Structures are given as structure tokens and as C-alpha cells.
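What follows is a short report on a single structure.
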Amino acid sequence: MTGRIVKALSGFYYVETQGGGTVPCRGRGRLRHQKVSPLVGDRVEIALTQDGHGMVDAVLPRKNQFSRPAVANIDQMAIVCSGAVPVTDPFLIDRMAAMAEWKGCRPLIVFNKCDLERAEELVRLYRDAGFSTLQVSAETGEGMDALAAAIAGKVSAFTGNSGVGKSSILNALRPGFGLEVGQVSEKLGRGRHTTRHVELFPVAGGLVADTPGFSSFDVDEMEAIPKEELASAFREFAPYLDGCRFQGCAHVKEKGCAVRAAVEAGTIAPSRHKSYVRLYQQAKEIPQWELAKRK
């Protein structure tokens, strides 16, 4: 029998199966020997035991995985931002979008509070860069049907800076969502630095990962993208990456750089390239041993 781990807690993996409900499972000892740690979001093979529980026999291949927070097979990263107070710094959007691209999940940029500020210039910037971008209002309901359609059938994680309305959006999509998550958090002591609980909740026909690691743009919770792989995480750079004069071009200040030429021509937004340079400089300063530790 196969299913998806929707919660991991106290040594049990709660596996949602088709037609069989949610089965509490332990991991087989051989998984430890194989150095495989099941994660929330994993598709797994399980065997039922006589007591109605189960054993995780195997973890099926993952499309992606995050170390902090520990979760796998995220289809979509919903980056919630705002043109109203608090105004989101575009660098924070670019950083999370790059992380999503690097991990192989779809970035969805959601501008909330559009009843107060529509942020048309930023919306146009990200749409021109090729991102799926929505304008919504958790307060008035505008755009929520489109967001629900974007979530349906996918495993999504929501992220965004404090105050942009992530909780309000999720409560609008599924009334009582915040109450349920709050009850789980209280039970587990959410907020203590040792707590790293992850759980998938059904929302609007899809699943949403609720976890402290995705709840904010906290750099300490994020893995570092190696500087050599960073350019490929900026989707609009792709047509120009093979056009630079010198092999191994960093696309920062080199002569003959096709990416910089595209910025000067207005094909790539200067703010996006500025974010890339900032991330590149940050990645450049991380020692190799630190990069290895974060993997």
C-alpha cells in the first residue's frame, strides 16, 4: 500500500492512503541502515500490521526536499507579499523565488491587501519575468477563487514577511484553519526553538505545509544556493547564460556578460539583477564547510 506522510510526531509517521484513511506508522529498521529518514510529504510504501498501524517499508523517489524545515515533495511555494503596510522588499520575494526554482517547485507570487494597494508596478515586473502572479484580498475575497484554483491538487507551502496576511488568506480559503493549526502549536509548544513540527493540512482541494521554517523569510531557516547554481534560479537569465564572452561568468560585473547586457537593454529588470548580485555576494562569503553542513 502506498500513501503520503502528512505528519511526523513522536516517532510515528501518519500516512494518508487512498481509501484507507490515515495510518500511524513506524519506520523499518532497514531505513536507518540505508540512512533514509522519512519526511513529511514523502510518498511511501507501507505494510499494515495486526493492530491497525503500519510500517514504512520504503520511501519513494522525491522531487525535492528541504532540510530546514524537513519536508519533501513541495509542488509550489506561495510567496505572500504586500504593497500596503508592511510593504514587502522585492529582494525578499526574489530570494524565496530563487529558492523555489532551485528546489524545483513552482513559485506563485501572491500580492495580498490589493484592496488597499494593488502594487501594479511590482505585479507587472514579476509577470514580465514569467512568474504566476495573483492580486488578492483576504479582506474582500478578491482573487481568492483564483488562488484556490492554483492550490487545488498541489502540495503548497506559504511564506512571507510578518504582517502580509498569510494566516488571513489561509483562513479565507479554509475557515478554522488558523484555529486548528493553533491548537496543534499549543499542544506541541510551537515557538520554542527546539520545535520543528511539520504537518500537511487539506486546503482548497490541495495540501498546505504548515511549518515555522516556511512561515517567514528567516535566512537562518534557509539553505544556501551555491553561487555556481544561482544564475539558473533566475528564470529570465536562461536565454543569456550561454552568450557571455567568458566561460564561468559570474554575471556580476564582468565585461562581455550577456545577462548584464540584457539588464541594460531593459529585458531583465534591474531590481532582479540587483537581487541576484546581492545573493551571489552572500553565497560567495559562505565557507565550503558551511555549505556542506547545510545540505
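The values are calculated or read from the model by the stated rules, or taken from the named source; none is laboratory data. Treat the numbers as computed from the prediction; the structure is a model and nothing was measured. Using ideal geometry, Cβ is built from the backbone for each residue, glycine included, and neighbour counts are taken over all protein chains shown. These accessible areas exclude ligands, DNA and RNA; they are computed on the full protein's heavy atoms, side chains included. Shrake-Rupley method; radii C 1.70, N 1.55, O 1.52, S 1.80 Å.
Taking 7 Å steps out from each Cα toward its Cβ at Arg32 and Arg235 produces label points 4.3 nm apart. Amide hydrogen proximity for Val71: with H placed 1.01 Å from N in the peptide plane, the residues at 5 or more positions away or on another chain lying under 5 Å are Phe66. Within the shell defined by Cβ-Cβ distances under 14 Å, the residues around Pro107 carry a net charge of +3, with Lys and Arg each +1 and Asp and Glu each -1.
Cys residues of the chain that find no other Cys beta carbon under 4.7 Å: Cys25, Cys81, Cys105, Cys114, Cys257.
Between Asp242 and Thr49, the modelled label-to-label distance comes to 5.4 nm, taking each label 7 Å out from Cα in the direction of the beta carbon. Against the chain, whose longest principal axis is taken from its Cα atoms, helix 177-188 shows a tilt of about 70°.
Near Thr22: Cβ cut-off under 14 Å, other residues only, Lys/Arg at +1 and Asp/Glu at -1. The net charge is 0.
Compute the angle between helix 90-103 and the longest alpha-carbon principal axis of the chain, please, reported from 0 to 90 degrees and rounded to the nearest 10. With rounding to tens, the tilt is 60 degrees. Between the helical axis of 270-284 and the dominant principal axis of the chain, each derived from Cα atoms, what acute angle in degrees is found, rounded to the nearest 10? The angle comes out near 60 degrees. Among rounded, prolate and oblate, which fits the chain when a ≥ b ≥ c are the square roots of the eigenvalues of its C-alpha gyration tensor, a/c under 1.5 means rounded, and a/b larger than b/c means prolate? It is oblate, given that a/c is not under 1.5 and a/b is not larger than b/c. When nucleic acids and ligands are ignored and a 1.4 Å probe is applied, Phe177 ends up with an accessible area of around 10 Å². Checking the Cα-Cα distances for Lys113/Lys274; Lys113/Lys166; Lys7/Lys35; Lys253/Lys274 against a 18 Å cut-off, the pairs over it are Lys113/Lys274; Lys7/Lys35.
Considering only DSSP beta bridges where both residues belong to the chain, give the percentage that are antiparallel (nearest 5).
55 percent
Accessible surface area normalised per residue over the chain is 49 Å², counting heavy atoms of protein chains with a 1.4 Å rolling probe. Karplus-based coupling profile of region 256-262, in residue order and whole Hz: x, 7, 5, 5, 5, 5, 5, with θ = phi - 60° in 6.51 cos²θ - 1.76 cosθ + 1.60 and x standing for Gly or Pro.
Within the accessible surface of region 100-145, defined with a 1.4 Å probe on protein heavy atoms only, the carbon and sulfur portion equals 43 percent. In order along region 133-147, phi translates into HN-Hα couplings of 9, 10, 10, 9, 9, 5, 6, 9, x, 4, x, 6, 5, 5, 5 Hz, rounded to whole numbers, per the Karplus curve 6.51 cos²θ - 1.76 cosθ + 1.60 with θ = phi - 60° and x for Gly and Pro. Structural descriptor for region 17-141: relative contact order 18 percent, calculated from alpha carbon pairs under 8 angstrom and at least 6 residues apart.
Here the Karplus curve 6.51 cos²θ - 1.76 cosθ + 1.60, taken at θ = phi - 60°, turns the phi angles of region 150-160 into couplings of 6, 7, 3, x, 10, 9, 10, 10, 9, 9, x Hz, with x standing for Gly and Pro.
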